[in-house]
1. Quick one: putting +1 on the C-beta of Lys and Arg, -1 on the C-beta of Asp and Glu, what dipole do you get for segment 12-55 around its Cα centre, in Debye to the nearest 20?
2. Taking amide H positions as placed in the peptide plane 1.01 Å from N, state which residues far from LEU181 in sequence (5 or more) or on other chains have amide H under 5 Å from it.
3. For the pair GLU27 and ALA205, how long in nm is the line joining their label points, each one 7 Å along Cα→Cβ?
4. Return an integer: the convex hull volume of the alpha-carbon atoms of segment 119-234, in Å³ per residue.
5. Cross-link list LYS112/LYS161; LYS96/LYS226; LYS53/LYS87; LYS23/LYS82; LYS23/LYS53; LYS141/LYS226: which exceed 32 angstrom alpha carbon to alpha carbon?
6. Angle, helix 137-152 long axis vs. longest principal axis of the chain, Cα atoms, 0 to 90°, nearest 10?
7. What is the set of long-range amide H partners of LEU119 at a cut-off below 5 Å, with H atoms built 1.01 Å from backbone N?
8. Once you mark the trypsin sites (Lys or Arg not before Pro) that are in a DSSP loop and have at most 11 other Cβ atoms within 10 Å, what is the longest gap between them in the chain?
Amino acid sequence: PAEVLLQAARAAGIAPLRDVLRKARLEEAQAQPGLKELLETGQLIRLEDPADKLSGDDLLIPAERWQSLSKQAADELGEYHKVNSLKKGMPREALKSRLRLDQRAFTAAVRKWVEQGLLQEAGTLVQSPGFQVSFKPAQQKLVDRLMSQFASAPYAPPSVKECQALTGEEVYHALIELEMLQQVSADVVFRPQDFEQITRKVIAALQRDGTITVAQFRDLFNTSRKYAQAVLEYLDEVGVTLREGD
């Protein structure tokens, strides 16, 4: 039974136990000793929680298929990082597509890879263990110049276009993804710590006065209408403030 089950599992690839049993033409009672042997010796792997009692719906994968799939996932991530060195990670959907897995199998595989330390998750992205975006020396100089401009004018910082003109679009988008910058409109961007301070001051003004206008915001931060309007519209969108008329 163990050999028959293993051959059926190899033919099935990644499949629920019931499908493997069907391919093996074995009843569950007949298959149990062989199934136990294959799982204990690691020739068959349960993709989902092995702490739960084994059921017909459990996903199984042969060990050699799992090793091959794991290597492919690691290689795909490594190649992605090589080509996209300034991106935080690979979109989960892109990796799923390259591995040609359905959603259930992919979700289970990623969970197992994370447990094994093969990859790590970053929100909707996946990345190789220990991967960090790092700028080349020339890029880092431009980033330092840009951040000093933000520091010198926290409430009237460089525009999105000015940032991209200085660092290039790829580096700029990396700064957004790394949360070193926070874009609040098509052309207005702040350092997160500066925007957090702006938000706190706006909330304090609202608690004190009940409302705040674009003109009052402009005067409070000694900035221009462009920044005032962009910030207040953004705070409306995220639910910090509620717009009433103009």
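1. My answer is approximately 200 debye.
2. ILE176
3. 7.9
4. Taking only Cα atoms, segment 119-234 has a hull volume of 119 Å³ per residue.
5. Correct reply: LYS112/LYS161; LYS96/LYS226; LYS53/LYS87; LYS23/LYS82.
6. Approximately 50 degrees, to the nearest 10.
7. VAL114
8. Longest stretch, sites excluded: 101-242.
The values are calculated or read from the model by the stated rules, or taken from the named source; none is laboratory data. Just so you know, these numbers come straight off a predicted model, no measurement behind them. A quick note on method: Cβ atoms are made from the backbone with ideal geometry, for glycine too, and the neighbour counts reach across all protein chains shown. To get the accessible areas, we keep the full protein, side chains included, count just its heavy atoms, and leave off ligands, DNA and RNA. Shrake-Rupley method; radii C 1.70, N 1.55, O 1.52, S 1.80 Å.
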